[in-house]
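The values are calculated or read from the model by the stated rules, or taken from the named source; none is laboratory data. Being a predicted model, the structure only gives us computed values, none of them experimental. With ideal geometry, Cβ positions are generated from the backbone for all residues, glycine too; neighbour counts draw on all protein chains shown.
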Amino acid sequence: MVQSAQRFINIKITMAYRTISYEATCVMAGVPHKGIVIAVMVQMYKIKHGLELREQECDMTMQVNKWPHPARRVSSEMTTYPIEIYTDGSKENGKVGAGVVINWKKQLAAQCKYKLQNCCSNKQAEEIAVLKAIEKT
């Protein structure tokens, strides 16, 4: 019953057809699958109350003011790639568009703009930009 109710809510959030599966609605809505959430809660209960015999690794909580700033994180290796792909999709004032820029060894290799139908959402425009980038490479 919980899954059925969550599926209904996810369909309303994503504006998907009613024939879509529960798992697909979870992915589209960005909501974790209730079975996974319940399994994690059961596991945490067992660890907390000493019912689990094997050792579990758990993250220690840290106060927010102790978190390291992302800019100060040091990466030991920096990977560079010869191809760089930039995508963008946007909707403004009822107009929808997508764009792709592909650089090969720091030189412009391709640049594309796409005008989309006004009924497309911003998310759809972003996805079309990624799809067109994949098609170009």
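Tabulated results
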item: So A133, is it assigned to a strand (DSSP E or B) and either among the small types (G, A, S) or under 18 Å from P82 (Cα atoms) (or both); result: no
item: Qualifying positions in segment 1-10 - over 16 Å from K123 (Cβ atoms) and either free of Cβ contacts under 8 Å to residues at least 24 places away in the same chain or not β-branched (V, I, T) (or both); result: M1, Q3, S4, A5, Q6, R7, F8, I9
item: Filter result for the condition that a residue is more than 17 Å from S121 (Cα to Cα) and not in a helix (DSSP H, G or I), over V27, V31, V37; result: V31
item: Condition broken by Q117, with the remaining ones in (1) surrounded by fewer than 10 Cβ atoms within 10 Å (Cβ to Cβ); (2) more than 30 Å from A29 (Cβ to Cβ); (3) at pLDDT 90 or above satisfied; result: (2)
